[in-house]
Ligand code: BGC
């Protein structure tokens with residue numbers, strides 16, 4: 001095998017056992033189904049309606065039974081061979097003699113959905129049909145057990161809306177390609193798709209008045225309204241199956257029938273109303289900025305800390321029921337060498353095998369710094385425990401990992417601090433876990449780490465305190481650095497493609513392309529030439545070319561990097577993610593569609609996530625991709641963010657650990673992972689120009705923290721910056737972020753790429769520490785800056801070396 005063979009020649013070499021392709025293989029589809037079932041969260045199970053008893057007769061309602069949404073839209077969508085709906089899954093169970101279905105109802109929905117699909121409707125963006133009375137009456141005569149399926153779709157480039165004013169703003173600034181989905185969603189859900197539509201409400205009430213056992217399945221990308229079922233006694237059971245990928249419907253059926261016992265836990269707080277989330281009232285305030293007024297109090301940090309907010313929670317963070325029950329006992333804590341460690345025994349006290357997630361939360365002493373009442377510090381999922389079986393779990397963390405950041409100087413400005421006092425710990429199965437009684441006392445304040453003063457806000461005028469009052473903040477004028485090249489118009493930045501450059505005197509034989517007149521990168525790979533020497537010999541054109549995206553080859557549609565053929569630098573292709581290797585439908589190659597990120601994280605099973613990463617990475621490699629643009633790991637700040645399905649959680653620790661697991665799995669194949677979008681891409685509306693106005697404390701404790709944790713636990717080859725600005729500076733041009741924090745503090749060694757077609761100026765991005773401009777660089781503009789002395793050759797070389805170092809990782 002010659003070096004970089006896959007990238008040079010794009011061979012179709014299968015990577016499975018016995019020469020079989022792994023892409024979309026049965027083995028991967030099985031893993032996808034398993035993953036989809038492990039993350040489902042049982043929210044309610046009164047009267048034990050679930051699992052359906054053997055031979056139960058089931059009447060299925062809601063077009064969601066046939067209209068299964070496998071994942072969200074945009075770059076995270078996946079072309080797969082088929083998508084199993086819940087109806088498909090249940091019909092398989094019926095064939096196995098597990099239950100009986102009302103086929104009149106199924107046919108009604110099946111015909112309706114087939115008709116809508118044939119008219120080009122997008123799954124999840126289809127109106128709930130009016131159900132003829134006779135169908136309900138017949139079903140009620142057939143059985144007392146009903147299943148309602150509610151599905152939702154959202155995607156990249158647009159957010160959810162919940163009122164008319166917001167709707168207008170969002171529509172006016174949605175990405176062009178996303179506009180049709182947004183318009184359709186607005187038409188179907190005039191009050192916003194967070195809530196049930198009028199037709200859905202009608203359906204629920206009709207079903208509830210005709211059946212005594214009602215179960216609900218939520219096929220959504222994340223948090224939606226839960227008050228309609230929490231407060232409705234007629235609805236006995238609710239299972240959030242989220243968006244489970246191509247095998248999601250089968251996984252849902254496995255759970256409904258009890259072949260798999262739900263063991264997922266919420267990765268977000270499900271509040272009583274959308275307005276209860278502290279960021280809801282200003283989420284759509286402006287398309288130009290987002291002010292993070294709630295500061296560190298996002299998700300459970302808000303609901304568990306701020307007085308009165310506790311009562312607004314329907315289902316707390318970490319919550320999830322099982323068909324069996326568990327007892328957590330013999331809890332013992334100890335503190336040694338700065339590490340807090342707990343052990344506990346988990347006993348299955350019920351009648352069915354099941355898994356439990358033990359969660360450890362830490363509370364810091366009240367001091368001078370603002371703190372959340374609790375923070376997730378460690379977690380562990382048990383194996384499958386038979387009834388009566390128990391497992392000992394061990395959880396530990398370095399106490400420094402729960403320190404607080406002081407951006408004001410209350411104790412020490414720009415430092416991570418553990419304040420003196422008593423630290424207590426809660427261990428259990430959600431954020432409201434009981435106190436363990438074990439405490440650690442620190443006599444003195446401990447300065448864990450001092451940092452530079454970076455990323456400070458200029459226009460954040462207030463932020464929330466833990467007692468619910470506001471801290472007023474000073475603001476000041478801020479003038480961003482203007483590029484010597486001037487700025488391009490936003491339209492000019494949208495969509496330019498890298499040029500395909502013909503090679504004069506091209507040989508058929510790759511080995512002869514480099515005739516020795518210019519240095520060969522292969523020599524660097526073989527240790528015969530240093531990277532410094534190689535880069536020092538590149539012309540300005542070649543050097544700058546390396547810092548921009550390269551033309552697609554093979555199956556790729558999101559471009560590549562490298563590509564200096566004369567120098568034998570291969571062109572490494574990127575594949576989109578995160579729910580699978582995204583290959584456009586016209587390439588006729590189907591890949592495995594995995595459960596959405598929220599669902600994966602809800603499994604709280606890091607081994608499983610690593611397995612998914614490994615399998616996805618292998619599919620990338622088999623199809624000759626070198627970089628998978630995965631995982632998405634922004635924080636779920638508000639349920640309205642249209643792209644939440646691609647991200648893990650409201651909690652940075654859980655997000656960081658899940659992302660690290662995925663990265664580690666992917667990179668076992670010597671394929672690069674690319675965690676994204678660094679950072680604060682928590683809103684899609686106006687995402688390319690929206691300024692995230694946020695305190696340094698909230699950045700460091702929440703929005704950067706997930707990336708920091710991911711980097712402590714994995715070593716991604718690449719990181720993607722986001723589109724938005726942070727405190728007035730595009731993230732891709734943000735030296736504080738990409739050099740100050742990411743490289744100097746966290747010691748990141750890979751390269752940083754922009755997100756695709758940012759509004760940042762290419763040479764300012766390079767100067768900031770963003771090495772690659774995707775999808776296309778601007779050689780002429782960078783050269784102007786070079787001539788004007790606003791960027792140096794050394795800066796270009798540094799970026800080029802980082803990209804080339806990653807290319808040296810490939811086989
Ligand atoms: C998205 C990224 C994606 C990239 C390439 C962007 O619009 O934000 O997540 O990887 O496109 O398709």
Would you check if there is a residue in segment 674-685 being over 15 Å from residue 608 (Cα atoms), more than 13 Å from the ligand (Cβ to nearest atom), over 12 Å from the mean Cα position of the chain (by Cα) and assigned to a strand (DSSP E or B)?
no
Filtering segment 17-26 down to residues that are touching a helix residue (DSSP H, G or I) at 6+ places or on another chain (Cβ under 8 Å) and on the phi < 0 side of the Ramachandran plot, which residue is surrounded by the most Cβ atoms within 10 Å (Cβ to Cβ)?
23
Scanning segment 750-775 for residues that are surrounded by fewer than 24 Cβ atoms within 10 Å (Cβ to Cβ), over 22 Å from the mean Cα position of the chain (by Cα) and within 16 Å of the ligand (Cβ to nearest atom) gives 759
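Of all residues being assigned to a loop (DSSP other than H, G, I, E, B) and on the phi < 0 side of the Ramachandran plot in segment 335-361, which is surrounded by the most Cβ atoms within 10 Å (Cβ to Cβ)? Just the residue, please.
Here the answer is 356.
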If a residue must be assigned to a loop (DSSP other than H, G, I, E, B) and under 26 Å from the mean Cα position of the chain (by Cα), how many such residues does segment 292-329 contain?
16
Picking from 448, 422, which residue would you name as being part of a strand (DSSP E or B) and in contact with a helix residue (DSSP H, G or I) (Cβ under 6 Å, 6 or more places away or on another chain)?
448
Number of the condition not met by residue 671 [criteria: (1) over 22 Å from residue 573 (Cβ atoms); (2) in contact with a helix residue (DSSP H, G or I) (Cβ under 7 Å, 6 or more places away or on another chain); (3) within 16 Å of the ligand (Cβ to nearest atom)]:
(1)
Collect the residues in segment 561-584 that are within 16 Å of the ligand (Cβ to nearest atom), in contact (Cβ under 8 Å) with a residue 60 or more places away in the chain and touching a strand residue (DSSP E or B) at 6+ places or on another chain (Cβ under 6 Å), keeping them in residue-number order.
561, 572, 573, 574, 576, 577, 578, 581, 582
Out of (1) touching a residue at least 24 places away in the same chain (Cβ under 8 Å); (2) under 17 Å from residue 181 (Cβ atoms), the odd one out for residue 81 is which?
(2)
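From the set of residues in segment 729-749 that are within 16 Å of the ligand (Cβ to nearest atom) and in contact with a strand residue (DSSP E or B) (Cβ under 7 Å, 6 or more places away or on another chain), which is farthest from residue 561 (Cα to Cα)? Full working, then the answer.
To start, the set of residues in segment 729-749 that are within 16 Å of the ligand (Cβ to nearest atom) comprises 730-732.
Now restrict to residues that are in contact with a strand residue (DSSP E or B) (Cβ under 7 Å, 6 or more places away or on another chain): 731-732.
Numbers: 731: 20, 732: 17 Å.
Taking the candidates together, the pick is 731.
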Only unsatisfied item for residue 424, checking (1) more than 30 Å from residue 255 (Cβ to Cβ); (2) loosely packed, with under 15 Cβ neighbours inside 10 Å, is (2)
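Okay, residues lined up against (1) at negative phi; (2) at pLDDT 95 or above; (3) part of a helix (DSSP H, G or I):
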residue	(1), (2), (3)
76	yes, no, no
81	yes, yes, no
89	yes, yes, yes
97	no, yes, no
104	yes, yes, yes
107	yes, yes, yes
112	yes, yes, yes
116	yes, yes, yes
127	yes, yes, no
Taking segment 634-646 and the residues there that are within 11 Å of the ligand (Cβ to nearest atom) and assigned to a loop (DSSP other than H, G, I, E, B), the one that is surrounded by the most Cβ atoms within 10 Å (Cβ to Cβ) would be 643
Among 503, 538, which is the only one that is surrounded by fewer than 20 Cβ atoms within 10 Å (Cβ to Cβ), in a loop (DSSP other than H, G, I, E, B) and touching a helix residue (DSSP H, G or I) at 6+ places or on another chain (Cβ under 8 Å)?
503
Among the residues of segment 147-181, how many are within 16 Å of the ligand (Cβ to nearest atom) and over 19 Å from residue 637 (Cα atoms)?
8
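What about residue 102, is it away from the ligand (no atom under 16 Å from the Cβ) and out of contact with any helix residue (DSSP H, G or I) (no Cβ under 9 Å at 6 or more places or on another chain)? Step through it out loud before you land on a result.
Values: away from the ligand (no atom under 16 Å from the Cβ): yes; out of contact with any helix residue (DSSP H, G or I) (no Cβ under 9 Å at 6 or more places or on another chain): no.
Here the answer is no, as residue 102 does not meet what is asked.
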Given the structure, is residue 123 outside any helix (DSSP H, G or I) and surrounded by fewer than 18 Cβ atoms within 10 Å (Cβ to Cβ)?
no
Could you tell me which numbered condition residue 88 fails, if it satisfies all but one of (1) within 21 Å of residue 238 (Cβ to Cβ); (2) within 35 Å of the chain's Cα centre (by Cα)?
(1)
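Condition check ((1) in a loop (DSSP other than H, G, I, E, B); (2) surrounded by 21 or more Cβ atoms within 10 Å (Cβ to Cβ); (3) over 25 Å from the mean Cα position of the chain (by Cα); (4) in contact (Cβ under 8 Å) with a residue 60 or more places away in the chain) across all residues:
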| residue | (1), (2), (3), (4) |
| --- | --- |
| 159 | yes, yes, no, yes |
| 190 | yes, no, yes, no |
| 193 | yes, yes, no, no |
| 201 | no, no, yes, no |
| 208 | no, no, yes, no |
| 215 | no, yes, yes, yes |
Could you check segment 767-800 and list, in sequence order, the residues that are in contact with a helix residue (DSSP H, G or I) (Cβ under 7 Å, 6 or more places away or on another chain), in contact (Cβ under 8 Å) with a residue 60 or more places away in the chain and under 18 Å from residue 674 (Cα atoms)?
771, 772, 773, 799, 800
For segment 541-560, name all the residues that are touching a helix residue (DSSP H, G or I) at 6+ places or on another chain (Cβ under 6 Å) and within 16 Å of the ligand (Cβ to nearest atom).
555
With the checklist (1) in a helix (DSSP H, G or I); (2) at pLDDT 95 or above; (3) closer than 20 Å to residue 782 by Cβ in hand, flag the one item residue 532 doesn't pass.
(3)
Condition (residue is under 22 Å from residue 662 (Cβ atoms), touching a helix residue (DSSP H, G or I) at 6+ places or on another chain (Cβ under 9 Å) and surrounded by fewer than 23 Cβ atoms within 10 Å (Cβ to Cβ)) applied to segment 730-739: is it met by at least one residue?
no
Single condition residue 588 does not satisfy, out of (1) at positive phi; (2) buried (at least 18 other Cβ atoms within 10 Å of the Cβ); (3) more than 16 Å from the ligand (Cβ to nearest atom)
(2)
Does at least one position in segment 14-36 carry a residue that is in contact with a strand residue (DSSP E or B) (Cβ under 8 Å, 6 or more places away or on another chain), under 15 Å from residue 218 (Cα atoms) and either at pLDDT below 95 or not in a strand (DSSP E or B) (or both)?
no
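Checking the conditions here, which among 726, 702, 709, 694 is out of contact with any strand residue (DSSP E or B) (no Cβ under 9 Å at 6 or more places or on another chain), more than 19 Å from residue 664 (Cβ to Cβ) and at pLDDT 95 or above?
After ruling out the rest, the residue left standing is 702.
The values are calculated or read from the model by the stated rules, or taken from the named source; none is laboratory data. These figures come from a predicted structure and were not determined experimentally. Methodologically, a virtual Cβ is constructed for each residue, glycine included, from the backbone with ideal geometry; neighbour enumeration extends over all protein chains shown.
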